[in-house]
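Asker: So that we are looking at the same thing, I have put the structure below in structure tokens.
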Amino acid sequence: MILIIDNEDPAINVLANALRISGETVRVVDNTAITLEEVRDLRPNGLVFSEGTGAPEDAGITVPAIETFAPLVPILGVGLGHRAVGVAFGGSVSESARDDATGAVTHDHRALFEGLDDPFEVTSDSAPVLLDDEFPVALQVSARAENGTVMAVRHRGFKTSGIQFRLENMNPAQAERLVSNWIDTLYDIRDGAFDQLQLPSSTAPSSPDSSSNSGSAEETAVYESDGKSMFDRVKEQEEQRSAQEQNAK
């Protein structure tokens, strides 16, 4: 099971469906609606931290969860989740140096980026970025924009990565390959690892009325090969959902 920590991302269903289409079971939970103990008890095979607004330090359980579970399970941070990966390992975020351009991203051809075009094009929303001059020694830059902005990071020892851009802002085929590369890192968890995990002495309590958001149903979806890209199918799903909502009004 992949657990997505939702940092109030308005496009969380796109991210969740992109992972579901790979055939994985996915659960989405708000960043203030779960504790570290509850994450441990769920025993996810991977953790994803979504895009969102605000600072990583204010994103509920996000930074503590990255610090706690990075040695244990594969982690992918997207947007705010990417910046949270940087902060969790000692980096700093700049509000003034913002990524707000559309352009080419070059990468190191490893891990997430194996088999992707180099460079590939992304459309970037205006967002804070990780600072180069305060970059954590535990991380390495795996992709940059043409202007030098850090667009992706990877931990030197853990299966933890972050990407500054949304998946839907990439070419669909490139996004599908990136997701597939991350999925390939799952299911490599040492037996008994969760039982031996030492948690911090206190974590934020969960809210009994907000254990998940509207997209939090646990699902497994397997799709037949029909010639469509993953994000073509996600777009179709979102259009169908929107039409259903309009008809219900």
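The values are calculated or read from the model by the stated rules, or taken from the named source; none is laboratory data. In this text the structure is predicted, and so the values were computed from the model without any measurement. Here the Cβ positions follow ideal geometry from the backbone for every residue, glycine too, while neighbour counts run over all protein chains shown. Ligands, DNA and RNA are stripped out before the accessible areas are found, and what is left, the full protein with its side chains, is counted by its heavy atoms. Shrake-Rupley method; radii C 1.70, N 1.55, O 1.52, S 1.80 Å.
Asker: Just subtract the alpha-carbon distance of residue 247 and residue 57 from 0.36 nm times their residue separation and send over the number in nm, one decimal. List each step's numbers first, then the result.
Answerer: Details: separation 190, 0.36 × 190 = 68.40 nm, distance 3.99 nm.
Computed gain between residue 247 and residue 57 is 64.4 nm.
Asker: Another question, then. Using a basic spin-label model with each label point 7 Å from the Cα along Cα→Cβ, how many nm lie between residue 95 and residue 173?
Answerer: Distance between label points: 4.2 nm.
Asker: Additional query: For residue 25 and residue 134, FRET efficiency with R0 = 45 Å and r from the beta-carbon atoms, rounded to 0.05?
Answerer: Values: r = 37 Å, r/R0 = 0.83.
Here the calculated transfer efficiency is 0.75.
Asker: For the range 1-126, with every protein chain kept in place, what is the accessible area per residue (1.4 Å probe, Å²)?
Answerer: Working: 4260 Å² over 126 residues.
About 34 Å² of surface per residue is accessible.
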